[in-house]
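Here is the structure we will look at, set down as structure tokens.
Throughout, read-outs are computed from the coordinates displayed, never taken from laboratory work. Model, not experiment: these values are computed from the prediction. Neighbour counts run over all protein chains shown; Cβ positions are idealised from the backbone, glycine included.
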Amino acid sequence: KIFVSRPYTITMGVFGRKKNKGKNNNDNGDELPPPIIKSPSVENRLKSPRRVSLKDVIINGSSQAGTRPDMGRKQLSAKSSLSSHVTRESMKQRMSIATLNLHGLIKDDLDDDSSVASEVIPSDAFTKTMGVSRHNSTLLMDVASSSIVNADVEDPYNMPFKSQYEPSEMRCLALVAHNHMKPAMKEFVMSHKEVLKKFRLTGTNTTITLLKSIFGDDPEVCYGPSFQSGPLGGDAELCALACLEDLGGCFFFMDPLSAHPHQADIDCLVRLLNVHNILTCINPCTAHAMSFVLKSALEDGRLDQIPSFFYTLKSPGVAVYKAEQKQALEAAKQS
């Protein structure tokens with residue numbers, strides 16, 4: 001059995017690997033297939049049971065309490081068998097932070113400005129943020145640690161460094177995460193704090209509140225404008241920030257398995273990030289890889305590596321669009 005370290009499991013969505021077997025169930029040598037990487041929201045859903053009454057679980061502690069009295073004995077037996085594994089903890093895994101707080105299943109630590117998140121275990125960051133199995137996550141951390149000259153470093157991704165640019169000299173870095181992706185965002189921020197705090201941080205309401213709970217009163221952290229929650233217009237406000245040329249990058253942990261009431265705003269944000277050619281990462285694995293580029297650029301003073309934080313860029317399609325609009329305008333004038 002192969003275990004994977006938590007950082008890669010949570011951050012990359014990598015699960016364990018098994019040997020390949022042929023049609024006759026024979027081993028094909030010792031070669032292992034590539035690890036499987038999935039969105040962090042996938043594992044929560046795989047662990048979760050199927051439909052069950054939230055009220056029954058919270059109040060009665062049993063999923064059978066809400067069974068309809070007119071159900072047949074066979075249906076009841078099947079439902080009981082399916083629901084017997086439902087626990088309070090498994091229900092908590094299915095719900096967003098807001099829902100958990102609403103039903104009093106967890107304490108709302110985000111409302112406490114004085115609360116500071118505990119230190120993250122590097123291997124756990126990969127497991128929780130990327131979905132990497134424990135064994136693979138440990139292997140990845142071993143590779144990271146062995147590549148560093150100082151063998152005493154416990155967290156290779158949070159090594160202090162000097163940035164050649166002040167946060168005020170650069171455009172904002174936005175962090176956004178859908179509800180089921182917020183735990184992954186928390187792990188990502190905790191495992192890349194040294195890089196992230198070199199920027200002016202902005203984002204939608206809940207994510208910014210999460211950031212403040214992690215960084216606490218750290219005087220080195222600089223925040224940009226804060227916005228509403230996504231469904232209340234936060235994504236649209238980020239669109240405006242991009243159009244006003246004060247957004248240099250966006251780490252957007254999108255949940256690919258949930259429907260969103262503000263899908264139109266999400267589509268608009270992604271489209272405008274592309275229109276203005278802004279550095280964009282839409283999943284934890286990309287954000288993790290990009291964090292090394294950000295650190296290298298800041299440390300070496302290479303603004304050419306992250307130009308969207310310093311200059312106004314456009315998609316190559318914008319020039320074509322403007323040319324077509326100019327032709328259309330000329331044609332309208334002559335008609």
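Filter the GluC sites (Glu not before Pro) in segment 212-273 to those in DSSP coil with at most 11 other Cβ atoms within 10 Å of their Cβ, and list the result. Before the final figure, lay out each step's value.
Working: sites: Glu220, Glu237, Glu245; in loops: Glu220, Glu245.
Here the GluC sites (Glu not before Pro) that fit, given the DSSP loop and packing criteria, are Glu220.
For the pair Gln334/Gln305, report the inter-label distance in nm, with labels modelled 7 Å from Cα in the Cβ direction.
Label at Gln334, label at Gln305, 5.0 nm between them.
Obtain the radius of gyration and the Kirkwood radius of segment 169-217 from its C-alpha atoms and give Rg over Rh. Before the final figure, lay out the partial values.
Details: Rg = 10.3 Å, Rh = 11.0 Å.
Expressed as Rg/Rh, it is 0.93.
So how far apart, in nm, are the two label points at Asp267 and Ala240 if each is 7 Å from Cα heading toward Cβ?
About 2.2 nm, to one decimal.
Which whole-percent values make up P(r) of segment 193-335 when all C-alpha to C-alpha distances are grouped in 10 Å steps starting at zero?
Taking all Cα pairs of segment 193-335, the binned fractions are 10, 34, 34, 14, 6, 2, 0 percent.
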